[in-house]
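Working notes for the structure below.
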Amino acid sequence: MSRSKPSPRVYLPGEIPAHGVTTVPPEQAHHMSHVLRLAVGDTVTAFDGRGHEFAATIARISKQGVMLNVGELHRHSRESPLDIVLAQGISSGDRMDYTVQKAVELGVRAIQPLSTERSVVRLDPARAAKRAAHWQGVAIAACEQCGRNELPQVLPVAGYTAWLGSLPSAVLRLTLTPGAAQRLGELDRPHGAIVLLAGPEGGLSPREHGDAETSGFTAVRLGPRVLRTETAAVAALAAMQTLWGDF
């Protein structure tokens with residue numbers, strides 16, 4: 001017997017009215033009608049990014065947009081038991097998109113893009129805001145795909161030094177460092193929030209490593225091989241979910 005395909009998922013910011021009618025935002029409406037080729041009468045799952053999802057049916061598709069008839073509220077938590085913020089040195093091209101996408105799939109609570117000494121990409125404030133908005137869109141698409149109903153926030157791009165000085169004290173701080181004395185698997189199970197710091201293509205500079213150590217970060221390695229920036233954070237998150245999370 002073949003399994004029925006799950007309904008497409010669509011993120012709707014704001015309040016979704018149970019047993020009511022709502023209009024889909026233009027970008028999601030375009031994706032539904034022109035990419036997914038959905039039609040009137042098709043069912044979708046709508047979620048608000050705050051833990052709520054709803055069964056819904058497409059009531060109308062027009063030039064003005066897509067309208068949904070919303071059904072009952074469902075509370076399905078697919079969140080990781082680990083409270084992880086990924087602080088990622090900004091990488092170039094599709095690498096950063098990949099990291100954001102996979103980090104969301106692997107359960108992070110938030111992503112902090114960092115401007116570091118060896119970041120290839122240099123962003124002025126206007127471009128930084130546009131890139132952060134783009135990465136938030138990547139996170140939304142990842143939630144639609146993986147089933148998360150709580151949307152991880154992509155924080156505004158921050159400078160490395162200023163960010164270090166803003167961290168709360170009650171968190172486990174880890175930085176990925178090839179050649180570090182300690183392996184990730186040698187750490188005790190953490191209790192509380194975790195900040196995972198990963199460098200850009202060229203890694204963190206010696207000064208940045210020193211500043212991280214001064215700020216209470218523990219350097220850990222992921223085996224004997226040097227991983228690319230788009231691999232390192234993803235591999236670390238998968239390992240953490242295996243060691244301490246829900247894998």
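Okay, here's what the table says:
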read-out: Candidates 20, 89 - the one that is in contact with a strand residue (DSSP E or B) (Cβ under 6 Å, 6 or more places away or on another chain), modelled with pLDDT of 95 or more and over 30 Å from residue 176 (Cβ atoms); value: 20
read-out: Test: residue 159 is under 30 Å from residue 129 (Cβ atoms), touching a strand residue (DSSP E or B) at 6+ places or on another chain (Cβ under 7 Å), surrounded by fewer than 13 Cβ atoms within 10 Å (Cβ to Cβ) and not β-branched (Val, Ile, Thr); value: yes
read-out: Residue in the range 86-119 that is nearest to the chain's Cα centre (by Cα), counting only those that are polar (S, T, N, Q) and in a helix (DSSP H, G or I); value: 101
read-out: Any hit, the range 181-192, residues being touching a residue at least 24 places away in the same chain (Cβ under 8 Å), hydrophobic (A, V, I, L, M, F, W, C), buried (at least 16 other Cβ atoms within 10 Å of the Cβ) and closer than 23 Å to residue 92 by Cβ; value: no
read-out: In the range 57-73, the residues that are under 17 Å from residue 18 (Cα atoms) and out of contact with any Ser or Thr (no Cβ under 7 Å at 6 or more places or on another chain); value: 58, 59, 71, 72, 73
read-out: Of all residues in the range 228-245 being of a type outside the set (S, T, N, Q) and modelled with pLDDT under 95, the one that is surrounded by the most Cβ atoms within 10 Å (Cβ to Cβ); value: 230
read-out: Matching option when the condition is assigned by TED's automatic domain parsing to the domain that holds residue 163 and more than 29 Å from residue 243 (Cα to Cα), among 139, 132, 110; value: 132
read-out: Hits in the range 202-244 (condition: part of a helix (DSSP H, G or I), more than 18 Å from residue 89 (Cα to Cα) and out of contact with any Pro (no Cβ under 8 Å at 6 or more places or on another chain)); value: 214, 238, 239, 240, 241, 242, 243
read-out: Qualifying residue in the range 120-130 (condition: surrounded by fewer than 17 Cβ atoms within 10 Å (Cβ to Cβ), in a helix (DSSP H, G or I), within 20 Å of the chain's Cα centre (by Cα) and modelled with pLDDT of 95 or more); value: yes
read-out: For residue 198: the one exception among (1) within 26 Å of residue 166 (Cβ to Cβ); (2) modelled with pLDDT of 95 or more; (3) out of contact with any Gly (no Cβ under 7 Å at 6 or more places or on another chain); value: (3)
read-out: Qualifying residue in the range 167-183 (condition: part of a helix (DSSP H, G or I) and more than 13 Å from the chain's Cα centre (by Cα)); value: no
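The values are calculated or read from the model by the stated rules, or taken from the named source; none is laboratory data. Please read all numbers here as calculations on a predicted model, not as lab measurements. Ideal geometry is used to build each Cβ from the backbone, glycine not excepted, and the neighbour counts take in all protein chains shown.
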